[in-house]
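The values are calculated or read from the model by the stated rules, or taken from the named source; none is laboratory data. Since the structure is predicted, the reported quantities are computational estimates derived from the model, not experimental observations. Here the Cβ is made from the backbone with ideal geometry for all residues, glycine too, and neighbour counts use every protein chain on show. Just the protein is used for accessible areas: all its heavy atoms, side chains included, with ligands, DNA and RNA removed. Shrake-Rupley method; radii C 1.70, N 1.55, O 1.52, S 1.80 Å.
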Amino acid sequence: MSTFISEPGTKLGGRYRLEDRVAGASGWVAWKAIDEILARAVTVVTFADGFPRVEEVLTAARAASRLTDARLAQVFDVEDTWDNAYIVMEWAAGDTLDDLIAAGPVEPVAGARIIAEAADAMSAAHAAGIAHLCLTPDSLRWTSGGGVKVTGIGTDAALSGTTAEDPELADTRGLGRLLYAVLTGLWPGPDYPALPTAPFTDGHPRRPRQVRAGVPAGLDDVTCRAMQLTGHDDDSALTTPGQLARALLAELPPEEIPPAAVPQEGRRTAARHGEERDFWSETAPPGRPPAREQEWRDSRPQRGRRSAAKTMAIVLLVLIVVAGVAVAVTKLLDKSGTPAPAAVHSGTSSPSASSVTVLKPVSAHGFDDLKSGTGLILDMGQTVRLSSLTVQFGSSAGADVQIKMGSSPTRSAQNETSMATVASANDVGGSYDFKATSSATGRYLVIWFTKLPPAASGSGFAAQILSIIVRGTATSG
């Protein structure tokens, strides 16, 4: 197969315009490119003539394209024509783990949460028979949407020709090294020059607690078990990413953000019924001051009223951390502990019984890259029945919104259509109180936009979510 590297400005497949070279090695180059049809950044890998592992890379990319976990960078396209082979992957914007470590010491618990999320995502990949095998601090990103993204799943190993007799064990050790790096700021070996090398004793890196003060004993122990350092028998070793994720979560305290810990520059206030409430940004990496706001951008052909055959720029601004949702909610409760008065607009059904309480989501992520719309998915941490959902949108009316509930966080059109629509409204803006019209239950709640209002700038379309309050009841299923 004849292949090529190309140059900036080259357009592949009539849609992918190469812009900047971002990585490369002998025989291949990774580019930041623009998908001109969907108007979004993507990563494109091209190959030099004679690169010996083209077929292996294309095969690995096709296998990785079946992964649907949003924490794994997606493979969008694989082209294997005779003279023009390339692969197209999700552009994972945000800070790498390398960036976070270089910016200063990462708080141990916050850093461990990042690795726990990555380990859980890798466990899902291994369940599908796909390994990474080349994990480095550059493989993990804290994205602009406020979550973990693992890049290079499957493809990095094929590009480098890396194999392992036990892929799960190899990735668990790789994750252990990332955990060591985030806890200490050092790399436990000489093979990653971007970070200082950890000190060694008897051929092994010293334990995290021996090189950095303040590392919790439990996290130190989990790191050593994942890396299989001396002092642990085989029975205590962690040998799969899933085991590592569970071991880390067992050592981590519940996520809470007390008001006093939120820097003033990370707060926004809004008047409601004569009182002031706080909003917190969702976009700050764990252990860092939150940013003032964050944009999730996307463009795609939109279906539905007044949007057929159009390509719209979608901007979803999310200005509240999930853990901070509960903090913001307390500002909206009266002295008796009942919810504040209804929002400016309301749905059609009556409120639920007095057993309804404010529910605290445990995480939130973008639910997009689908042709029928875009949205935000909330993980409620348990199966719930929704009573109402109060959403503070931006001031511009015109959004068509559906509230959906389901049992899976998979980012796919099939999952989106399988979810139950429990509330909906058209042409909304400002504060809106969605009343559930269905008794459907689920762990995952999606705020789904099928139409967006025109942007205030007059260019494209934009929707804003400034705050969210979930009310309902926990169920057993």
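Centroid-to-centroid, using Cα positions, region 132-153 and region 430-444 are 33 Å apart.
Of the residues ALA85, GLY147, THR46, the one whose Cα sits farthest toward the positive end of the charge dipole of region 28-165, with +1 on the Cβ of Lys and Arg and -1 on the Cβ of Asp and Glu, is GLY147.
The order of the peptides 387-393, 420-426, 184-190 by mean Cβ neighbours within 10 Å, most packed first, is 387-393, 184-190, 420-426. Once backbone amide H atoms are built at 1.01 Å from N, LEU72 has VAL150 as its partners under 5 Å, excluding neighbours fewer than 5 places away on the same chain. Counted by Cβ distance under 10 Å from ASP80, the other residues give a net charge of -1, where Lys and Arg count +1 and Asp and Glu count -1. Within region 27-54, name every residue whose backbone N is under 16 Å away from a label modeled 7 Å from Cα of ALA413 along the Cβ vector. Once the point is set 7 Å along Cα→Cβ of ALA413, 38 turn out to lie under 16 Å by backbone N, inside region 27-54.
Given a 1.4 Å probe and heavy atoms of the protein chains only, how would you sort MET227, MET122, largest accessible area at the top? Don't skip to the end; give the middle numbers.
Values: MET227 25, MET122 0 Å².
Reading off the accessible areas and sorting them downward yields MET227, MET122.
Rounded to the nearest 20, the Cβ-based charge dipole of region 1-125 about its Cα centre (Lys and Arg +1, Asp and Glu -1) stands at 140 debye. The orientation-averaged shadow of the Cα convex hull for region 1-71, equal to a quarter of the hull surface, comes to 5.4 nm².
Farthest towards the positive end of the charge dipole of region 361-466, among the residues GLY398, ASN415, ALA364, is the Cα of ASN415, using unit charges on the Cβ of Lys, Arg, Asp and Glu. Rounded to the nearest 20, the Cβ-based charge dipole of region 82-187 about its Cα centre (Lys and Arg +1, Asp and Glu -1) stands at 200 debye. Using the structure shown, select from LYS149/LYS360; LYS11/LYS404; LYS11/LYS149 the pairs with a Cα to Cα distance greater than 31 angstrom. Those over the limit are LYS11/LYS404. For region 1-91, the solvent-accessible area with a 1.4 angstrom probe is 45 square angstrom per residue.
Order these peptides, 355-362, 71-78, by their mean beta-carbon neighbour count within 10 angstrom, highest first. Walk me through the numbers before you get to the answer.
Details: 355-362: 16.9, 71-78: 20.6.
In descending order of packing, they fall as 71-78, 355-362.
What size of dipole, in debye to the nearest 20, comes out for region 36-86 about its Cα centre when the only charges are +1 on Lys and Arg C-beta atoms and -1 on Asp and Glu C-beta atoms?
Details: 5 positive and 9 negative charges, 71 e Å.
In debye, rounded to 20, region 36-86 gives about 340.
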